[in-house]
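The values are calculated or read from the model by the stated rules, or taken from the named source; none is laboratory data. This one's a predicted model, so the numbers in the text were calculated from it and none came from an experiment. Glycine gets a Cβ as well: all are built from the backbone with ideal geometry, and neighbour counts include every protein chain shown.
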Amino acid sequence: MKRPSRENEVTSRQEDNSPTEDISLRTSFIVGSGRRQDHHVDIVDNEIILASNRSPCRNIAFTLNRWAHLMAALNDIDTVVKRLTNTTDEVGRRLVVCRRHLGEGYYIRVLFSLRCVDFRKYFVLYGYKSSQIRPSSNGITLRFDEWKDLLEVIIPSINERFPQFANARQCTYDNNHSTQLNWFRCTSCFPFEYD
C-alpha cells in the first residue's frame, strides 16, 4: 500500500476544513560581514529579535511600537554615528550625546568611547525617582560597521518583506494620547511613571 505524500496529506486536511498545524514563520538576517558576524536578526510573528550568536541571552525584542520608535530615531542616531566616525578630535566626540527612548523602558544610545550603538532595557531601583533610571544587562551592542549594515541592508529588507513593520505606528499617534493626562498614563511612553 502506497503512503500519501506530505503535500497530499496537508491538502486533504484543508479540504476537510479540519484545523491545520499552526506553523510560525521565522526569518533570519546576519548582521555584519566576514568573520565578524556575531549578531543576527530573527523575525518571529510580530517581533523582531536582535541577538548575539555568542551569548543568546543578550538580545532585544522589537514589538511593532518599539520598531516604529526606532524608525523615527534612525536619522538622529545615524547622524551621530557619522559624526563620530568622521571626527578625529577626542574633545569633539565627547560633545556628542545621543539617547532615544524606544518605548517600554528600552533605549538606544550611541557610546562614543566604545564606538558602538547600544540597545538596552532600563529600570528604576525601588525607592528611587523615575528619572534615576539604570541600564540592565538585558541588551545588545553593535559596532559601527554592524550598525551600517543594519541601517542600509537589513532594515530596508524587513520593511519591504513585512508590511506590518513598514506600517507600524508609534503609540503617540493613537487616540489615547489626545490629552496630556492620557499621555502621562501611557505605560509605553512612561514605563516608570511620571514624577
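Descriptive notes on the structure:
- Scanning the range 96-131 for residues that are in a strand (DSSP E or B), in contact with an Asp or Glu (Cβ under 6 Å, 6 or more places away or on another chain) and not hydrophobic (A, V, I, L, M, F, W, C) gives a single hit, R109.
- In the condition set (1) closer than 18 Å to D42 by Cα; (2) touching a helix residue (DSSP H, G or I) at 6+ places or on another chain (Cβ under 8 Å); (3) buried (at least 17 other Cβ atoms within 10 Å of the Cβ), G139 is compliant with all but (2).
- Selected residue (criterion: surrounded by the most Cβ atoms within 10 Å (Cβ to Cβ)) from residues of the range 142-195 that are among the acidic types (D, E) and part of a helix (DSSP H, G or I): E146
- Condition check for T79: farther than 22 Å from I49 by Cα, within 19 Å of the chain's Cα centre (by Cα) and hydroxyl-bearing (S, T, Y): yes
- Looking at R58, R100, R35, just one residue is of a type in the set (D, E, K, R), within 20 Å of the chain's Cα centre (by Cα) and modelled with pLDDT under 90, and that residue is R58.
- Candidate set: the range 61-89, residues that are in a loop (DSSP other than H, G, I, E, B) and of a type in the set (S, T, Y); chosen: the one modelled with the highest pLDDT: T63
- With respect to the conditions (1) part of a helix (DSSP H, G or I); (2) closer than 25 Å to T27 by Cβ; (3) not aromatic (F, W, Y), G139 falls short on a single one, namely (1).
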